[in-house]
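Here the structure is laid out as structure tokens; the discussion comes afterwards.
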Amino acid sequence: YSLLLAPLLDALESNTRLQIVPHGVLHYVPFHALHDGNAYVIERWSVSYLPNAALLHVGQARPAATGGMVALGFSAGDILPHAAAEATAIAKLGRGQLLLEAEATRSRLAESVVGRRIVHLATHGEYHSDQPLFSGLLLADGWLTTLDAFDLDLNAALVTLSACQSGRSVLGGGDELLGLTRAFLHAGANALLISMWAVEDRSTSRWMQSFYTHLLGGCNKAEAIRRVQRQFLDGAAEARATGQPAYDHPYFWAPFFLVGDASPLALARE
């Protein structure tokens, strides 16, 4: 915080939202979780990210589909016992199509994302730093790799990859990102909600349901994320007092971040 944001405070004073365009190793820094000694960045600003400044206007200039939502949940052999419940709850919130367990195949996903405004994928993810094109998401019939994601026919306002390390990428020449982020943006997503590290199943399900409640209630994407993160921070004391799990450590509330267009979402419901 002292190195990256403190020198800019005068310029940032009147702003409520930050859009970060990282370079080099800064792609691995969760700016929203930086701390000034008194508070986290997210307690003052909503934060979103862009892989490069050229994408600043792309999402806003490219109209998103209006075909509602599809939510996929795959527990990966019960590795993720809350994934199916997460997808079910989110499909109910958005009145969207639901693909669960055996239905969560690569072919059903490829068919179902066409024309969808929101795509939510809750499953197991793996990141391979040595072979980023083979990083992927586990589905009922195998892996949806980075290479496969390039071929999806997307025109979504938001794609959520609710999986471990779904936002990790390898830096290539010219600060180019190699991984799922690039693949889903190339396939047509205006914005991605992705994770920077391995996530915990139960808290992630709660995080996502709260996020969509705020998003579908009219918040812009970045502000919806901020509100969830503030809820996790501000509700910890009450949770402990009632014997409930407290999720105020950044491990629980800070893994997910937004890349791309942060504008509000008007969901066309089915």
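The values are calculated or read from the model by the stated rules, or taken from the named source; none is laboratory data. Not measured: the values here are computed from a predicted model. With ideal geometry, Cβ positions are generated from the backbone for all residues, glycine too; neighbour counts draw on all protein chains shown. What goes into the accessible areas is simple: the full protein's heavy atoms, side chains included, and nothing from ligands, DNA or RNA. Shrake-Rupley method; radii C 1.70, N 1.55, O 1.52, S 1.80 Å.
Brief remarks on what is shown
- Maximal additional length on extending the LEU4-ILE79 stretch stands at 23.2 nm, based on 0.36 nm per residue less the C-alpha distance.
- On full extension, the segment bounded by SER14 and ASN52 gains 11.3 nm, given 0.36 nm per residue less the C-alpha separation.
- Share of carbon and sulfur in the accessible heavy-atom surface of region 56-175 [1.4 Å probe, %]: 54
- Dividing the radius of gyration of the alpha carbons in the chain by their Kirkwood radius gives 0.94 for Rg/Rh.
- Max mean-square fluctuation residue, GNM over the chain, Cα-Cα springs under 10 Å, options LEU26, LEU137, LEU109: LEU26
- In order along region 99-106, the phi-based Karplus estimate (6.51 cos²θ - 1.76 cosθ + 1.60, θ = phi - 60°) of 3J(HN,Hα) comes to 10, 10, 6, 4, 7, 7, 9, 5 Hz; Gly and Pro are listed as x.
- Using all pairs of distinct alpha-carbon atoms, the Kirkwood hydrodynamic radius of region 1-102 works out to 17.1 angstrom.
- Dipole axis of the chain (+1 Lys, Arg; -1 Asp, Glu on Cβ), positive-most option in THR204, LEU216, ILE90: LEU216
- Among GLY243, GLY115, GLY96, residue whose mean-square fluctuation peaks in a GNM of the chain (springs only between Cα atoms under 10 Å): GLY243
- Cut-off 12 Å between beta-carbons: net charge of the residues surrounding ARG227, Lys and Arg +1, Asp and Glu -1: 0
- Near PRO245: Cβ cut-off under 13 Å, other residues only, Lys/Arg at +1 and Asp/Glu at -1. The net charge is -1.
- Placing +1 on the Cβ of every Lys and Arg and -1 on the Cβ of every Asp and Glu, with no other charges, gives region 167-270 a dipole of roughly 140 debye about its Cα centre.
- Potential lengthening between GLU176 and SER107 on full extension [0.36 nm per residue; Cα-Cα distance subtracted]: 21.9 nm
- With an a/c value under 1.5 for the gyration tensor axes a ≥ b ≥ c computed over the alpha-carbon atoms, region 104-226 is described as rounded.
- GLU238/ALA198 FRET efficiency (R0 22 Å; Cβ-Cβ; nearest 0.05): 0.25
- Accessible area expressed per residue, the chain, with surrounding protein chains retained (probe 1.4 Å, Å²): 43
- For region 82-158, the C-alpha radius of gyration sits at 1.10 times the compact-globule guess of 2.2 N^0.38 Å, with N the residue count.
- Per residue, the chain reaches -8000 deg cm²/dmol at 222 nm when only DSSP H runs of four or more residues are counted, each adding -39500 (n - 2.57).
- For ASP141, the amide hydrogen comes within under 5 Å of the amide hydrogens of ARG106, counting only partners 5 or more places away or on other chains and with H modelled in the peptide plane.
- Applying 1/(1 + (r/R0)^6) with R0 = 35 Å to the Cβ-Cβ distance of ASP151 and GLN209 gives a FRET efficiency near 0.70.
- Taken over region 128-176, the convex hull of the Cα atoms encloses 112 Å³ per residue.
- Global form of region 163-221, assessed from the alpha-carbon gyration tensor, a/c cut-off 1.5: oblate
- Computed Rg/Rh of region 1-40, alpha carbon atoms with Kirkwood Rh: 0.94
- Given R0 = 25 Å, the distance between the Cβ atoms of GLN131 and TYR251 translates into a calculated FRET efficiency of 0.40.
- Among SER162, SER14, SER48: highest mean-square fluctuation, GNM of the chain, C-alpha pairs under 10 Å: SER14
- Pairs of Cα atoms farther than 21 Å apart, region 184-259, %: 29
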